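Below is one structure, written out as structure tokens; the observations come after it.
Nothing in this text is a laboratory measurement; each read-out follows from the coordinates by a stated rule. Remember, predicted model here, so these are calculated numbers, not experimental data.
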Amino acid sequence: MVIFLFGVVVGIVVGWNLPQPPWAKDAQDKVTNLFKGFTGKKG
């Protein structure tokens, strides 16, 4: 289980910083906007 979680974290860090196709950028924007809505931050 720990190895799985480590792999997920590494994949998130690597994937978040590589060039992204348009559909992945749209998905990232949706997720970040969702979290901004929860925290009340704009921009």
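Odds and ends about this structure:
- Oblate is the label for the chain. Its Cα gyration tensor axes, ordered a ≥ b ≥ c, give a/c of at least 1.5 and b/c at or above a/b.
- Computed 3J(HN,Hα) for region 21-29, one whole-Hz value per residue from the Karplus formula 6.51 cos²θ - 1.76 cosθ + 1.60 where θ = phi - 60°, is x, x, 5, 6, 5, 4, 5, 5, 4, glycine and proline marked x.
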